[in-house]
Amino acid sequence: MELLVIGLDGLSYNMLDRFDVSFPYLDSVRENGVSGDLMSVDTPTTVPAWTSFATGKDPGTHGVHNMNRVSSSYEYGPVEPNTSDAAVYDLLDDSLFLNLPASAGRVPVGEGTLLMSSLLEKSKAEMVPDQLQELDAYDSYNPIHDHSKKKRPDVYREHVRNIVASRGEFATEAFKKHDPRFGFVLFSAPDWAGHMLSKITSANEREDFYRTILEDVAEEVNQLSDLADNVVLMSDHGFEYKHHTIHLANWLHEQGYLVVDSADSTSQGPADSIIDKTVNLGVSAAQTLSSRSDRLYSFFRLLHNRLLGSGLGDRIHDASTPDIDYSESTVWQLRYGCLYLNDDRFESPNVSEKQREELQKKLVSDLEGLTVDGENIFRDVLTPEEAYNDPISDMPDVVSRPASGYHAITHWSPTGGYTSPTENFEHRYRGLVAAEGPLFGTGQVEGMSIVDLLPTLFAAIGEPLSPEFDGEVYDEVLSADPKPTYLDSEDIPEPRVQTESEEEQEEREEIVEERLADLGYME
């Protein structure tokens, strides 16, 4: 194999250092090859970032900027994958892509190229193409974790370790049998492990949990690296410890922008049963007590984290989530600090085109001024024109990038303000990139984005770049000065997409929504 790209979902150097993870192969690449941080996109989440990797475009161009969406008729649901832009598996022949997120429903145009998607497909059989289902390792291969096992961290850890091993075995057999020129495989376990850390209250158990899983990933990476002349390790975003949670729902509601359903309030959600009413009352009481006592707040926060993944935990989660009346609201947060104005993109707009720019400016200014103990909670508050390259109209109207240690969620605040203390681990923009082999240089790379990676890799292997790429070739990553060539516009392949009935689409969306909710991406 000329080039192997190994994706390490959600991994960043700070997490390896924090939990004392042994990763000898990555250490060797950092010493002998080229490495550095790899910046994610807005939002720094799985589907937007991997779509940018696969297309060489930023979310403003490919249109996928979040893990969920609100339709023009105010229906809240999971993100839809991009089906209109040529991706790496369309542009390269004789390639093999394993477990590539955001590629659901796509059929590679590249001759001799195979694509195994993940996450947004209904089942394992639909993720894995027929040619790969013939592998001996297919039966034991497990592409999706079982959320129910999170109730017991020790059981979940062994479950994830088994998935890591099966993925390594499957990838090894697939690469050896098909012998691609360009290979890709993703390990999702770093992201899964990062999301689990907040449920584990003991610092020692937390460190052991994360380190054990990551060292299993490290071993699989080491073995796969022997299959290629050139190897790239990369992640879609990083993780970090968060000390404060940002509750923009509270702020938007207080400012009069956000309207909730009449059955909801800023302290509880709709009550559909005796149990739900009891849970809502409990959540309301906990919020009141939390606002008065730091010790009680810490107790309730730990209790909530321990209940995550249980039936009661799901009810508490629902009770603390705003039931937004989108048609009556002026502004709402979709997720991760992205704000939408209820303008003419929606069927019942209450923001005119004339009001839009003025309101947008006010939101940017007001959010820039939000502080905790004199510290800004957002490091950047941007318009779509500032955040994206040539953004399409569906982009959010305000992109708020939390400061280090802060994380924006959609839940009501447990203490009543627009922030609350936390001890959590969540996404950050800085992931990692490291590469070794004859194609790559040595030293530190700075300022590289995940959008730049595909153009750089194409230049490295002598493939013509698409003129539609938003990213640029990072010369300092490569061992020789690249002389990139470009496809003619008419030679850019037209994407191929599997067809599905309306019934099949609804079934897939239901399954995907549940899966994304299990991963914490749906509110």
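Computed quantities for the displayed model
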quantity: Accessible area per residue in Å² at 1.4 Å probe, computed on segment 397-509; calculated: 46
quantity: Value of relative contact order over segment 369-445, rounded to a whole percent, pairs C-alpha under 8 Å and six or more apart; calculated: 22
quantity: Over 27 Å (Cα to Cα) - which of LYS124/LYS242; LYS151/LYS176; LYS151/LYS242; LYS176/LYS199; LYS122/LYS242 fall in this group; calculated: LYS124/LYS242; LYS151/LYS176; LYS176/LYS199; LYS122/LYS242
quantity: Distant-in-sequence amide H partners of LEU4 (H built 1.01 Å from N, under 5 Å); calculated: GLY183, ASN230, VAL231, VAL232
quantity: Relative contact order (%) - segment 1-140, alpha-carbon pairs under 8 angstrom, separation at least six; calculated: 14
quantity: Per residue, in Å², the accessible surface of segment 81-159 once ligands and nucleic acids are set aside, probe 1.4 Å; calculated: 37
quantity: Protection proxy ranking, peptides 146-153, 327-334, 182-189, average beta carbon neighbours within 10 Å, highest first; calculated: 182-189, 327-334, 146-153
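The values are calculated or read from the model by the stated rules, or taken from the named source; none is laboratory data. The shown structure was predicted, so the numbers you read here are calculated from the model rather than taken from an experiment. Reconstructed Cβ throughout: ideal geometry from the backbone, glycine too, with neighbour counts over all protein chains shown. Remember, those area values only see protein heavy atoms, side chains included, never the ligands or the DNA or RNA. Shrake-Rupley method; radii C 1.70, N 1.55, O 1.52, S 1.80 Å.
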